[in-house]
Every structure is written in C-alpha cells, then in structure tokens.
1. Looking only at residues that are assigned to a helix (DSSP H, G or I), of a type in the set (Gly, Ala, Ser) and over 21 Å from Leu23 (Cβ atoms) in region 333-357, which one is modelled with the lowest pLDDT?
2. Please determine, by comparing only the residues of region 358-369 that are open to solvent by less than 10 Å² (accessible area, probe 1.4 Å) and hydrophobic (A, V, I, L, M, F, W, C), which one is modelled with the lowest pLDDT.
3. Of the residues Gly377, Gly388, Gly348, Gly344, only one is touching a residue at least 60 places away in the same chain (Cβ under 8 Å), farther than 23 Å from Thr24 by Cβ and loosely packed, with under 13 Cβ neighbours inside 10 Å; which?
4. Consider Ser360 against the criteria (1) assigned to a helix (DSSP H, G or I); (2) under 29 Å from Gly81 (Cα atoms): it satisfies all of them except one. Which criterion is unmet?
5. From the list Thr142, Thr121, Thr134, which one is surrounded by 11 or more Cβ atoms within 10 Å (Cβ to Cβ), modelled with pLDDT of 80 or more and more than 30 Å from Ser271 (Cβ to Cβ)?
6. If Met228 passes every condition in (1) surrounded by 18 or more Cβ atoms within 10 Å (Cβ to Cβ); (2) modelled with pLDDT under 85; (3) over 23 Å from Phe85 (Cβ atoms) but one, which one does it miss?
7. Please enumerate the residues belonging to region 1-48 that are aromatic (Phe, Trp, Tyr), open to solvent by 60 Å² or more (accessible area, probe 1.4 Å) and in a helix (DSSP H, G or I).
8. Against the definition (over 13 Å from Tyr260 (Cα atoms), modelled with pLDDT of 70 or more and among the aliphatic types (A, V, I, L, M)), how does Ile112 come out, yes or no?
Amino acid sequence: MAFFDMIRTANHNLFRNKVRTLLTIIAIFVGSFTIILNVAINTGVDSFIDEQTASLGGDNFIMLMPPGSAEMASGMTTSSGPVEFVEKKTGETEIGAFSDQDIETLKNIDGIDADSFYSPTPFNGTGYFTSDKTDKKYEIQTMMILPPGNFQIPLAVGELVDQTEAAKQKKQIVLEPGYPQALGYEKDEDIIGKTITVNFKNEITGEWSKINVEVAGVEANSIVSSSMGAIMSRAFYDELSDVYYDGYPEDYKDKIPKYYIMATYDTSRFSEDEIKQIITDAGYEAWTVSDMMGMIRTFFDAIMIVFTIFGGIALLAAAIGIVNTLLMSVEERTREIGLDKALGMSSGRVFSEFAIEAISLGFWGSSCGVIIAMIVGSLVNTAVHAPGGFLEALQTFNLFEFTVGNILPFMLVIMLIAFLAGTIPAWKAARKNPIDALRYE
C-alpha cells in the first residue's frame, strides 16, 4: 500500500505547479505522438507486406523466368482494371517460354525445391465476361486455378473458390477488383452468389462458347493482385479446358508453353541474393518477394526515418524539460525535504518520490500521445480509404495500425527516458542535509 501512497503523493506534488507540469507533459506528448504514429505506420506497412507475401506463397517464394522476362514480371504486379472487350487479330509475337530441358536444369539447381514447381496454366485466349446487368463485354485478362501451397489471396468480399472434395463440381470464380461495378453491380458484395457468363473462343474451330459461373468472391486491390488474375474453381477450369481445347492435338494441354514457374527455395541455406545469383549464373532470371515488395517498403522506410528524427528531437527537448521541472521542484520543496528527513524519511524514499514524479510525467505525456495518435490514425485511415483517397484502391492496407504490442513497449520506453531524466534531480533531493534544508530560505 505504501507504494501506491507514493504514487498518489508524487502526482499530487507534480500538480502543485500545474502550468509547469502541463508544459512538460505537452513536450513529452509531442515526441510520443510523433513516434507512436511512426510505430503505427511501420506496423501497418509490415502487416500489409506480410499479407501480400502470404498471397505469393510465403517468404521463400521465387518466380523463375526465361532470359529477358523481367519486364513481363514487373507488369504482373499492376492491374489495368476492367477493359471493354475488342476482339484482336491472331498472330501476335509471344514472349519466351521454358523448354523441357530448361525445366530439368532449374529442378537440378541446388537450393530450389523441385517438388514445389508450379507453372500456372492461365486462360490467355480470346474471351470476355458478361452479366444480365449490362450489355457491355469485358475482356478476360487472366484466369487461373489457385496454385497449391500456402496462398492467401486478400479478398474485399466473399471467399475463395471452394476447394473441398464435396465442391468438386461447383463452377465458381473470384473476380479481380473493379469487375463487379463494370458488370453492373453497385457494390462488390452485391455480386456474391450471382451468376455471370464467361464467353470464350476456340481458336481452332472459331466457335464461341459460354459457361455460366457463380461469383464466390472479389479480390482486394493489392500490389500483387493481378499476378493471379481471376481465380477459377477446379470444376470451372476443367469444363473450360474441355471446350476451349476441343480440336487441338490430344496431348496439347500437356505442352502448353510455360512462361514462368512458381517455386520455393531453401532460405536456411541461401539468402535471396545468393539464390538469385545462382539462377542468373545458370542463364535464367528470378523474382523474389523482396523484388515485389521492396519498393513499397523502401518508400515507407524513408518516411519513418523522418518521423523518428523529429520524434527523437521532441523527446530530447521533453527530457530537458523533465530535468528542469524536477530541479525547480527540488528547490521549491527544500525545507519540506529537510523536514521529512528530520522526521526519519530515508534518502532512498526521497529519491523514490522524485523518481516516481519523473515516471509519472512520462506516463501522462505518453498516454496523451498514444490516445491522440490513435484518434488521428483512425481518422486518417478512414480518409485515405474514402472515395478519392490515395489508398482507396487498397482496402486491406491500414496506413496506421495500433496494437498492444507496439503501444505498451513504447510507453515503457518513454517512462524509462523520463526516469533517467529525473535521476539527477532525485539524486540531488536525496542528498539534501536536513539541517541545511531546514535553514533554506
């Protein structure tokens, strides 16, 4: 109980001079407010990047490509949104593809998991989406089945296509961002469970076919959303393949060109730079998670450095303010300290009282900083996701993310800084000679 009495007494003593104490708390508030926003941005960016990494299969994900394909890969991380369908002429030049020998060479590279190889078989033919809500046709840019592995595609609404055994015959699709509105639905959630029509052309026969498919979900905008395109259920993919490849040679589907391969590598033995250099030396190209996420992380790292510098300067000024506040308090209470020590109060108890006053300053300043930062962060998150906001397209990206894990340690650090700043005044008070103190005018 004596400890809580000391806390109560320390706070009472602090607010004897309200103006001075409040000014010191404001100084701590400015620094803590700046730094907690910095910490919240860091958490928000890391959370978003972790989500994007999961959508690619994890930190050990690597995309293997033929020479000269890096430009193609960079284009996969951006989405052009829905495009009205215009039938194109055939005969366009194709980008390079892997040969069977290339694939065998890649599988034999030390560090690459050959069993993890997956070459998506996207629908890259002529086709478009339609619905009963609009007369317009929208081009099918990319569709593929969900790769095996730990893929977690971020969704705006709905769910991923049902992969369970019981749903093998369920024809479903997860649309890319923007398509619900293009197909005549006001909101993303309005299209969930509805049926749209996938129209496609058999290049051999020239005939058009269509398949009605249920919309299971809509992808959230992200920096890698278009790398997968629309996601098909296995039943939908099988029916599409049977009709689309009708008239092709029997083994054609097994010989579809492989333009890139998704795989994993051994992160315990090789760093990203090392595995990329090995693949480059073998005559191929590779992209890792860092290549896809590095730019956004670099951008926010630069912002956070600036925030940290300003926050650090503000906290330094606050620490000086704490020293000044407590030194003035020691001078004002010299006779009181002498009386307390003459009545038997130990030097340790005097030191503790002033140390607790310093910690209390840190607590109140950091608490105000955290509360105001959370309010501001919440308002900013709402504003940047509103129509016209710069994060409107990235629904799952919270610019500021506050958690107990990033708030509590921060407050403890501020209180530690306040304690260290208060040690000089506390030490000075504890060393007061009671006789001299009682004579002090």
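The values are calculated or read from the model by the stated rules, or taken from the named source; none is laboratory data. Worth saying up front: this structure is predicted, and the values here are computed from it rather than measured. Don't worry about glycine lacking a Cβ; one is built from the backbone with ideal geometry, like all the others, and counts go over all protein chains shown. Accessible surface areas use protein heavy atoms only, side chains included; no ligands, DNA or RNA. Shrake-Rupley method; radii C 1.70, N 1.55, O 1.52, S 1.80 Å.
1. Result: Gly338.
2. Here the answer is Ala358.
3. Selected residue: Gly348, the only one of Gly377, Gly388, Gly348, Gly344 that is touching a residue at least 60 places away in the same chain (Cβ under 8 Å), farther than 23 Å from Thr24 by Cβ and loosely packed, with under 13 Cβ neighbours inside 10 Å.
4. All conditions are met except number (2).
5. The conditions single out Thr134.
6. Answer for Met228: the failing condition is (3).
7. Phe3, Phe4 - these are the residues of region 1-48 that are aromatic (Phe, Trp, Tyr), open to solvent by 60 Å² or more (accessible area, probe 1.4 Å) and in a helix (DSSP H, G or I).
8. yes
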